[in-house]
Amino acid sequence: MGEARARRVLVIDDEATIRAALRQTLGDAGYAVTEASDGVEGVETLRSEPADAVVMDIYMPHQDGFETIRALRHVAPNVRIIAISGGSRGDFDPLKAAELLGADRALRKPFGIDDVLGALTDVLPAEPSAAVTPTWPAEPLVDDTRSRKAS
């Protein structure tokens, strides 16, 4: 019997200290961790290095977390996403919005080690399978078969 492979987690955050802390924490817990410093880089990283889960910030340069969630879901529909953010802006709760857009869990900064490990445990299946493989070429966004007349 082969040895079980480590679960793969992609961390996307523009703050190097957050990425380093998550890399250390998740690595110590047995996860294989890759990193990206913004949403654009994160989507490209997921395309080339499939992951089981993504832990990502909402407010980042180049492409915010909301756009990134949509792009990640398009590239790898079954990847598990945990959104993280420092808080609300007025009446707008970015973590609630992230969940509505497809994040599986949301954590408010500051969060503890047990919070992020618990969230990963909650969203990942009990038995690891092959990492979520990105889908490309991408499926068409519009299904025009319904517009064709039946013969």
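The values are calculated or read from the model by the stated rules, or taken from the named source; none is laboratory data. On a predicted model such as this, the values are computed, not experimentally measured, just so you know. All Cβ positions, glycine included, derive from the backbone under ideal geometry; neighbour counts span all protein chains shown.
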Yes/no for V123 being within 24 Å of Y31 (Cα to Cα), modelled with pLDDT of 70 or more and buried (at least 19 other Cβ atoms within 10 Å of the Cβ):
no
Listed residues V43, V75; which is buried (at least 21 other Cβ atoms within 10 Å of the Cβ), out of contact with any strand residue (DSSP E or B) (no Cβ under 7 Å at 6 or more places or on another chain) and over 22 Å from R108 (Cα atoms)?
V43
If we scan segment 39-60, do we find a residue that is closer than 26 Å to A126 by Cβ and aromatic (F, W, Y)?
no
Test: residue in segment 79-86 that is more than 18 Å from A106 (Cα to Cα) and in a strand (DSSP E or B)
no
How many of the residues in segment 96-126 are within 23 Å of T45 (Cα to Cα) and assigned to a helix (DSSP H, G or I)?
9
Residue match in segment 26-35 (condition: buried (at least 19 other Cβ atoms within 10 Å of the Cβ), more than 14 Å from the chain's Cα centre (by Cα) and among the hydroxyl-bearing types (S, T, Y)):
yes
All strands (runs of 3 or more DSSP E) inside segment 1-65 with 2 or more residues being without any contact (Cβ under 8 Å) to a residue 40 or more places away in the chain
32-36
